[in-house]
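The values are calculated or read from the model by the stated rules, or taken from the named source; none is laboratory data. From a predicted model like this one, the values you see are computed outputs, not experimental measurements. Every residue, glycine as well, gets a Cβ built from its backbone with ideal geometry; the counts of neighbours run over all protein chains shown.
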């Protein structure tokens, strides 16, 4: 998806995978979600969920790279907030990667504040056939 291709954590996936993860979610609420079009093309969208605890969750907010810098992301986000309020939801939440400065600026400008921060550490590993076991150490597992 072109909207997320510039993100450090972007991993291309099939439509089937996207559909399973986002469109078939039990909490996805089409009434809270929006699509923005320019002509026949999709310029951006929000996929929003109604959380059972009574808050709205912006699962995805995407703006086509050619449409950025025109206020579309802000408009989509504020429209989601309005839909949440009309639906009687008391809060709006979303997750954003800390290395996504564009998203962080957008959410701060929209009046959102950081509630929780989590860091995920990764390291690729390879099995080379040697290691602690080969040196006679017993490693639990």
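Please work out if residue 63 is modelled with pLDDT under 95 and exposed (fewer than 11 other Cβ atoms within 10 Å of the Cβ).
no
Looking at 115, 86, 109, 105, can you tell me which residue is exposed (fewer than 14 other Cβ atoms within 10 Å of the Cβ), modelled with pLDDT of 90 or more and within 15 Å of residue 58 (Cβ to Cβ)?
109
So that you can scan it fast, the table gives a plain yes or no per residue for (1) in contact (Cβ under 8 Å) with a residue 60 or more places away in the chain; (2) assigned to a helix (DSSP H, G or I); (3) in contact with a strand residue (DSSP E or B) (Cβ under 7 Å, 6 or more places away or on another chain); (4) within 16 Å of residue 31 (Cα to Cα):
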| residue | (1), (2), (3), (4) |
| --- | --- |
| 45 | no, no, yes, yes |
| 48 | no, no, yes, yes |
| 52 | no, no, no, yes |
| 69 | no, no, no, no |
| 80 | no, yes, yes, yes |
| 89 | no, no, yes, yes |
| 98 | no, no, no, no |
| 108 | no, yes, no, no |
| 113 | no, no, no, no |
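Since residue 11 meets every condition but one in (1) exposed (fewer than 14 other Cβ atoms within 10 Å of the Cβ); (2) at pLDDT 90 or above, which condition does it not meet?
(2)
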